[in-house]
Amino acid sequence: MNTGDGSVRLRVAPGPWQRLRTGLRGWGGVGAMALLCALAVTFALLLPLSQPQGYDAGTATGGQGVAHGSQVRAEECENPQDQSLSPSGGEGKAPTLDAIKARKDRRLIVGVDTNSYRWGYLDPNNPAGELEGFDIDLVHRIAEDILGDRDAVQFKAIPTSRRVEAIQKGEVDMVVRTMTINCDRIEQVAFSAPYFVTGQQVLAPKTSKITGFDKTLAEKKVCSAQGSTAYDNLEEGRKSGDLPDSADIRTTVPNQLDCLVKLQLGEVDAVVTDGALAASQAAQDPTVELKGGLFTDEYYGVAMKLGSEDLVRQVNRTLENYIDDGGWEASYEKWLHPTMDQGDKKSASATPPEARYK
């Protein structure tokens, strides 16, 4: 339920990685999905009204990429997804965890998405009004391991553009919001080991002649989210020549779902975002589809404040257990299998990435 402070209070809800180079395909929608899409669009348009005074769209952060020129400065950083702390180690002190446990309102404060279908969203068919999705399941598990109560969570809706800022300003303990681990960001926030891997992809109307991240985007308007790796890839694509100079990449939005709204309204011709998110959006709207294959690797991590080593180690311990005991797989099957897998053919994302620590 809404707590009145921009957060949501939940109640109890009844091998090595092969780099992705094949496209994900979202399944078509049905009547219920059309209704869900309309409600999600309405929520996306109203969400900015719920932001606190002083809301700032923030500044764009760099993105990781391993194809099409790569926006990572390779001479400074390699494999940022492998730079997290081991679950074990440290001096036994846990100042960050102790401070969380000592709160009068004993809850974990987590920044999430509330309008990404099957990742973090409000289902209009859920009478309890609870947040649901793959990222939300992970937050519940982290809260259970830290506080002994899976529902001891204060959720805050954080736009794509404010994820780093919200952590740095102490508005949240962590962000669990399809956030890519990349070289620029690891200088600004602390990441867990990766818990999911996907890649960038193009979303466009089924009737469009766009075929992917290629010359067919010439003279087309392309939308991406502020502070996202998608925008960084668009900039790099133009510099490297993989994207035509005539492609208009000026349209950016605070929340990634706003790009789908603009696509539906005919204000842009295509959207560039993570393939996993695009697959869910294609499931929401049967008039759009994924175009071409994935052209980067994107490793999602839980983002926390720099210096909170004890919290990082705890989250990594939770991730190891979550994967080992089947929790991760069960969550994938529930939320992502319907949009990312094709019958018995599993997406490469169906396997959690292997954790490697520095």
So which of Phe213, Phe191 is of a type in the set (Phe, Trp, Tyr) and within 15 Å of Gln83 (Cβ to Cβ)? Phe191
Looking at the structure I just gave you, is Ala128 in contact with a helix residue (DSSP H, G or I) (Cβ under 7 Å, 6 or more places away or on another chain) and either over 18 Å from Pro194 (Cα atoms) or open to solvent by 30 Å² or more (accessible area, probe 1.4 Å) (or both)? no
Within the stretch 75-93, the residues that are farther than 17 Å from Leu306 by Cα and surrounded by 13 or more Cβ atoms within 10 Å (Cβ to Cβ) are Cys77, Asn79
Residues that are open to solvent by less than 20 Å² (accessible area, probe 1.4 Å) and under 17 Å from the mean Cα position of the chain (by Cα), drawn from the stretch 143-156: Phe155
If I ask for residues that are open to solvent by 20 Å² or more (accessible area, probe 1.4 Å) and of a type in the set (S, T, N, Q), which ones from the stretch 171-194 would you list? Gln188
Top-ranked residue in the stretch 94-110 [being of a type outside the set (S, T, N, Q) and in contact with an Asp or Glu (Cβ under 7 Å, 6 or more places away or on another chain); ranked as surrounded by the most Cβ atoms within 10 Å (Cβ to Cβ)]: Val110
Does any residue of the stretch 288-297 turn out to be surrounded by fewer than 23 Cβ atoms within 10 Å (Cβ to Cβ) and under 18 Å from Val112 (Cβ atoms)? no
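Yes/no matrix, rows are residues, columns are (1) at pLDDT 95 or above; (2) under 21 Å from Met174 (Cα atoms):
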| site | (1), (2) |
| --- | --- |
| Leu306 | yes, yes |
| Val312 | yes, yes |
| Tyr322 | yes, yes |
| Gly326 | yes, no |
| Trp335 | yes, no |
| Pro338 | no, no |
| Gln342 | no, no |
| Pro352 | yes, yes |
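The values are calculated or read from the model by the stated rules, or taken from the named source; none is laboratory data. Since this is a predicted model, take the numbers as computed values, not measurements. Here Cβ is always computed from backbone atoms with ideal geometry, including for glycine, and neighbour counts include all displayed protein chains. Ligands, DNA and RNA are stripped out before the accessible areas are found, and what is left, the full protein with its side chains, is counted by its heavy atoms. Shrake-Rupley method; radii C 1.70, N 1.55, O 1.52, S 1.80 Å.
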